[in-house]
Amino acid sequence: MVSPNLLLVKDKVQRFAKQFFNVVQLDDDGDLSIPYESTNIFISCSELDQSSPELNEFRRENEISATVVNIWALVLREVKGTPELFKWIATEGQTYDYGRFKVAEIQDSPGKFIVIFEHNLAGDTLDAGELKGALAAVGFVADGEDDNLKARFGGKTVEDLRQS
């Protein structure tokens, strides 16, 4: 069951995203997808683990958000997992002021990975400017780096996938 707090955060995120982008699509899970230049930006909202009463009380007492807004953009798909890729992700891919690169193996293609750029925000206290800044940063970096990373590590950009 989705908590009322998470529903409020999802509604707020959707309203703020629509202030910044003309096209904001909602999927069946309530996540958002935003086409941006040569990439796609995705936004999902979730609750932190609520299983620890002590941690829950600590969050309440200290006004710490119980929700997270994850903003990410697909940078490359079908990238071969190499030591060079993993080293870049672990070093240079972590040096951005707003976000970080990471990889995930494609489930039905062992040895092939997606490369994403992501940033997380606290959902309970989120304001429009904070979300817009994160969306801009994630979009700019993903759009700006996809061709460079493709030339270096291979794979397909979102633009490549759109054209096929």
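Screening Thr82 on (1) within 26 Å of Gly144 (Cβ to Cβ); (2) open to solvent by 60 Å² or more (accessible area, probe 1.4 Å) shows it passes everything except condition (2). In this structure, does Ser164 turn out to be at pLDDT below 95 and open to solvent by less than 30 Å² (accessible area, probe 1.4 Å)? The answer is no for Ser164. Residues of region 1-39 that are of a type in the set (S, T, N, Q) and either open to solvent by less than 30 Å² (accessible area, probe 1.4 Å) or in a loop (DSSP other than H, G, I, E, B) (or both): Ser3, Asn22, Ser33, Ser38, Thr39. Among Phe42, Phe58, which is the only one that is free of Cβ contacts under 8 Å to residues at least 60 places away in the same chain, farther than 16 Å from Asp147 by Cα and assigned to a helix (DSSP H, G or I)? Checking each option against the conditions leaves just Phe58.
Can you pull out every residue in region 87-111 that is open to solvent by 80 Å² or more (accessible area, probe 1.4 Å) and not in a loop (DSSP other than H, G, I, E, B)? If you could, list the steps in order and put the result at the bottom.
Residues of region 87-111 that are open to solvent by 80 Å² or more (accessible area, probe 1.4 Å), as a first pass: 87, 92, 94-95, 97-98, 102, 105, 107-108, 110.
Once the filter is applied, which keeps residues that are open to solvent by 80 Å² or more (accessible area, probe 1.4 Å) and not in a loop (DSSP other than H, G, I, E, B), region 87-111 yields Lys87, Glu92, Gln94, Lys102, Glu105.
Here Ala137 passes the criteria (1) of a type outside the set (Lys, Arg); (2) touching a strand residue (DSSP E or B) at 6+ places or on another chain (Cβ under 9 Å); (3) open to solvent by 40 Å² or more (accessible area, probe 1.4 Å); (4) assigned to a helix (DSSP H, G or I) except the one numbered (3).
The values are calculated or read from the model by the stated rules, or taken from the named source; none is laboratory data. Predicted model, so just to flag it, every value in this text is computed and none were measured. Neighbour counts are summed over all protein chains in view; Cβ atoms, including those assigned to glycine, are modelled from backbone coordinates with ideal geometry. Ligands, DNA and RNA are stripped out before the accessible areas are found, and what is left, the full protein with its side chains, is counted by its heavy atoms. Shrake-Rupley method; radii C 1.70, N 1.55, O 1.52, S 1.80 Å.
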